[in-house]
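Read through the structure below, which is laid out as structure tokens, and then see the notes.
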């Protein structure tokens, strides 16, 4: 019984806190600021592209908070299975800005900000839209890496609240395909890059439109930096921005030397088998099993997952093709 009373107390406290904050945000002072927050990339695969959020500051009401669309529970039941299937739900959270900075600073990620040049009415619309999104029935959303993530959500919320057209001269990755843009952040020819491209199909080679490339936080930051409204008003009033780190892949982490070594070893094994006149079928069986697993995974993702861009491509048959060509040394001219 005490357990249920505690749960009820926590839920009630959150409701009161949310209701109180909503009331404060409905009465933002003329000194209030709304900023787009951009965090540089991290070490984990899911953080290599950076992160975006919306910060609201009101010194009159002692408010300094970040609305964060990137919250997920890594320890939830079947997280990795759901992630592979594209059924991972993220949620909108509210964090104290000081704690937000401490967390990202502790893992070596820089935080940039851009104060939006807004009227008081536009500020209130953005604050109200954020609180509507934060309601328990709205705060969870089905995460989609390229179409619905921590960058696209702030962009469309701000765009809709402005009730105006955003025009930017920043070209960036506009007209570039998804595969190239993603490789920029994972490191071209790294094993992470190879693994992602292994499951990407032809849809990943379609050029991105002006808004589609804004799923990347750095693109959104730079797009806003040069953006103007229809009357020529700059979208950003003041800012503190900088560069993302350039991903440099050391030679030992490059996938192609390993692929070349694999080809050489398979060829040498075939010469060895040819000289002893006996095939090392165990090696073929193990590698064949691995190929089948990879093909089955791509088939599953293509037909049974919610992930966009997934499909067959030449990388999926790269190792089997090298394997087969190397084995021809054994079979030809025996």
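Just so it is clear, none of the values below were taken in a lab; they were calculated from the coordinates. These numbers come from a predicted model, not from an experiment. Cβ sites come from the backbone with ideal geometry, for glycine too, and all protein chains shown count toward neighbours.
Each residue, residue 147 and residue 211, gets one label point 7 Å from its Cα in the Cβ direction; the gap between the two is 1.4 nm. Taking the alpha carbon gyration tensor of the stretch 133-250, multiplying each eigenvalue by 5 and rooting it gives semi-axes of 27, 19, 14 Å, largest first. For the stretch 267-324, taking the reciprocal of the average inverse distance between every pair of different Cα atoms yields a Kirkwood hydrodynamic radius of 13.3 Å.
Extending 7 Å from Cα along the Cβ direction at residue 115 and again at residue 135 yields two label points whose distance is 3.2 nm. Fully extending the segment from residue 280 to residue 46 would add 80.3 nm, taking 0.36 nm per residue of separation and subtracting the current Cα-Cα distance. Counted by neighbouring Cβ atoms within 10 Å, the residues 280, 52, 20 run from fewest to most as 20, 280, 52. The value given for the stretch 62-171 is a Kirkwood hydrodynamic radius of 15.9 Å, derived from the mean inverse Cα-Cα separation.
Modelled spin labels at residue 271 and residue 95, positioned 7 Å past Cα toward Cβ, are 5.5 nm from each other.
Report, in degrees rounded to the nearest 10, the 0 to 90 angle that the Cα long axis of helix 281-304 makes with the longest principal axis of the chain. The answer is roughly 30 degrees.
Each 10 Å bin from 0 upward holds the following percent of the Cα-Cα pairs of the chain: 5, 20, 27, 21, 13, 8, 4, 2, 0. Taking each residue as 0.36 nm, the span from residue 31 to residue 82 lengthens on full extension beyond its C-alpha to C-alpha distance by 14.0 nm. For the stretch 133-156 versus the stretch 80-110, the inter-centroid distance based on Cα atoms is 13 Å. Over the Cα atoms of the stretch 189-233, Rg to Rh with Kirkwood Rh, two decimal places? When Rh is taken as the Kirkwood radius, the ratio is 1.17.
Net length available on complete extension from residue 295 to residue 163 is 42.8 nm, with 0.36 nm assigned per residue and the Cα-Cα distance removed.
Normalising the Debye intensity of the stretch 200-311 to I(0), with uniform scatterers on Cα atoms only, and taking log10 at q = 0.09, 0.19, 0.21 Å⁻¹ returns -0.55, -1.15, -1.20.
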